[in-house]
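The values are calculated or read from the model by the stated rules, or taken from the named source; none is laboratory data. None of these values were measured; they are calculated from a predicted model. Ideal geometry is used to build each Cβ from the backbone, glycine not excepted, and the neighbour counts take in all protein chains shown. When the accessible area is computed, the model is the full protein with side chains, heavy atoms only, and any ligands, DNA or RNA have been set aside. Shrake-Rupley method; radii C 1.70, N 1.55, O 1.52, S 1.80 Å.
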Amino acid sequence: MTKYLKVNPSVQKASRTAFGETLVHMGEKHPEIVVLDADLSVSTKSAGFAKKFPDRFFHMGIAEANMIGTAAGLALSGKTPFLCSFGCFVAGRFETIRISIAYNQVNARIMGTHAGLGIGEDGYTQMALEDIALMRSLPGMGVLQPGDPVETRKMIEYLSSHHKGPVYVRLTRQNLVSLFSEDYEFEYGKGVVLKEGKDIALLATGGVVYNSYVASQTLEKEGISSTVINIHTLKPIEEELIVHTAKSHKRLVTVEDHNIIGGLGSAVSEVLAENGIGTPLLRIGVEDIYGESGTAENLYEKYGLSINKIYEKTLQFFQESNRPGR
Amino acid sequence: MWEDRDRFVLSKGHGCPILYAAMAKSGYFPEEEIYTLRKINSRLQGHPDHVRFPFIETSSGSLGQGLSVAQGMAIAAKLNHKKYKIYCLLGDGEIQEGQIWETAMSAPKFQLDNLVAIIDANQGQIDGHTRDVMDLAPLKKKWEAFNWDVQEINGHEFHEILTALDKAQLERKKPHMIIANTVKGKGVSFMEDNIEWHGVAPTPEQRDKAIKELNDKVLKG
Ligand SMILES: Cc1ncc(C[n+]2csc(CCOP(=O)(O)OP(=O)(O)O)c2C)c(N)n1
Ligand SMILES: [Mg+2]
């Protein structure tokens, strides 16, 4: 279990906001950082960097493909570009990313904000629900999604100073409860165990990690002992941790604000299948349908990502699959 | 929907509240339904949804795609020997998308004189004035260079709008572009040309003040 756990529901911040603040600090330390945005700098929170470092910030206009190509050129010339837009718009220019950034294996940081149902009222067209699936399919592309503001900051610090190669980072519009202490250490590619149990394990990513954590506490009251793991790195996925968790629990549940096809649920399934592990798995997420408008809270309730719905689904899954004869 | 209707494609999909309001007033759906806008299970999505609400000709909200879709409709009309027209409303920030310029290239090739595009040239987008974010001036010359029939009008003058739409029927063999110069938030003192109002809903007090200002102006002429 992580020693950095410090869940504090009274401290909340959107991961996009934590990103924007950290980017300004990193800009001071790293002159090679450049930032591009496609007319959403106020929303993606790259505006802080724009203000502080106008010479290293580029308003690309509503022209995401051009932004991606330009970032690739900057990266090929030794810069570390952070290119920002809503996840749906930037991942939507898949083939441009595929060749200019991924195939070139450049140090570009693709920042996709307003991920998932969490964007709320704007509805499906602005809602990244397939971005993880797309980005995960590109060889050499790191796919990251922080679960709280502290982890976001540490992740951005790491990506500003150390990491080599292209990365897609998925951030939320909505506030996230602070889960970690300030001295949290981010480890690329490593899952973070938030809670240890023995019956069932919930593997969650991004904005729904906290909901999964609280749901798991409620499960204890039903006498179900549950583990919760925060998967901030969707690719490369930590295989050993998943194998170990699957072997040491009766049931697995994945929780993500993304289509269950191609996201965390798929990544975990692939590991289980390839290792010949038959632990039953429930994938909680958007069930291969389009999202819609509504408050984030209403949508989480309707699509099964609220604390209550995660709890209910997990409980039902556990009870059903525990019935004799199955 | 009847087959020979003119089509209207709202490429700048975020403008859909006004489209819904116009449709409600025209009898497409009961006016009370307007209040479900952006709420869960509503047909009136935050951005136009053709499947939930088939009166909408095409889903939009990811900027830059509507003109291509309108082009497809215009080609289909030609193939079917239909007389209806396709109207497509674009934002002046939206036309920074490369795909727009791909249609700028292709529509004249297909001689789509049944396609009428309109740019809401309000000089604004989310990150600022279009001239600062990504300037497209001289806009008229650009579309002319791509071989469109281009008119530039004051987009707040109804007679200019109607005349331009009529004129767009005359020129044959070319697609039509109407650059409508507008002011964001026109007629509301605290909204006019103020970028901060993009995508922001007024409070009830601000709404009342805005309606009063607009009524005063319209009634005084
Ligand atoms: C592909 C894409 N990128 C970004 C956005 C986010 N966005 C919504 S509205 C808007 C500004 C639009 O400006 P403009 O086209 O000038 O419209 P208007 O001024 O008429 O509102 C942006 C960037 C989007 N909807 N689609
Ligand atoms: Mg505009």
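Quick notes on this structure:
- Here B:85, B:78 are screened, and the one residue that is open to solvent by 60 Å² or more (accessible area, probe 1.4 Å) and away from chain A (no Cβ under 14 Å) is B:78.
- Listed by position, the strands (runs of 3 or more DSSP E) enclosed by segment A:162-227 that each have at least 2 residues that are open to solvent by less than 10 Å² (accessible area, probe 1.4 Å) are A:167-170, A:175-180, A:200-204.
- Some residue of segment A:15-25 being more than 12 Å from every other protein chain (Cβ to nearest Cβ), farther than 21 Å from residue A:120 by Cβ, in contact with a helix residue (DSSP H, G or I) (Cβ under 9 Å, 6 or more places away or on another chain) and of a type in the set (Asp, Glu): yes
- Filter result for the condition that a residue is over 13 Å from residue B:118 (Cβ atoms), in contact (Cβ under 8 Å) with a residue 12 or more places away in the chain and of a type in the set (S, T, N, Q), over B:147, B:181: B:147
- Qualifying residue in segment B:95-103 (condition: within 27 Å of residue B:16 (Cβ to Cβ) and in contact (Cβ under 8 Å) with a residue 60 or more places away in the chain): no
- Scanning segment A:131-141 finds one or more residues that are of a type outside the set (Ser, Thr, Tyr), modelled with pLDDT of 95 or more and in contact with a Pro (Cβ under 7 Å, 6 or more places away or on another chain).
- Selection status of residue B:20, away from ligand 2 (no atom under 16 Å from the Cβ) and touching a residue at least 24 places away in the same chain (Cβ under 8 Å): yes
- Within segment B:120-132, being more than 9 Å from ligand 1 (Cβ to nearest atom) and either open to solvent by less than 10 Å² (accessible area, probe 1.4 Å) or not acidic (Asp, Glu) (or both) holds for B:128, B:129, B:131.
- The strands (runs of 3 or more DSSP E) found entirely in segment A:37-134 that carry 2 or more residues being within 22 Å of the chain's Cα centre (by Cα) and more than 12 Å from chain B (Cβ to nearest Cβ) are A:80-86, A:109-113.
- Number of residues in segment B:88-119 that are open to solvent by less than 10 Å² (accessible area, probe 1.4 Å), among the β-branched types (Val, Ile, Thr) and within 16 Å of ligand 2 (Cβ to nearest atom) equals 3.
- Residue within segment A:98-115 that is within 16 Å of ligand 1 (Cβ to nearest atom) and surrounded by fewer than 24 Cβ atoms within 10 Å (Cβ to Cβ) present: no
- Residue within segment A:43-54 that is open to solvent by 10 Å² or more (accessible area, probe 1.4 Å), touching an Asp or Glu at 6+ places or on another chain (Cβ under 7 Å) and touching a residue at least 60 places away in the same chain (Cβ under 8 Å) present: no
- Residue B:137 within 14 Å of chain A (Cβ to nearest Cβ), surrounded by fewer than 17 Cβ atoms within 10 Å (Cβ to Cβ) and either over 20 Å from residue B:64 (Cβ atoms) or at pLDDT 95 or above (or both): yes
- Taken over segment A:230-285, the residue count meeting the criterion of being open to solvent by less than 30 Å² (accessible area, probe 1.4 Å) and either part of a strand (DSSP E or B) or assigned by TED's automatic domain parsing to the domain that holds residue A:128 (or both) is 14.
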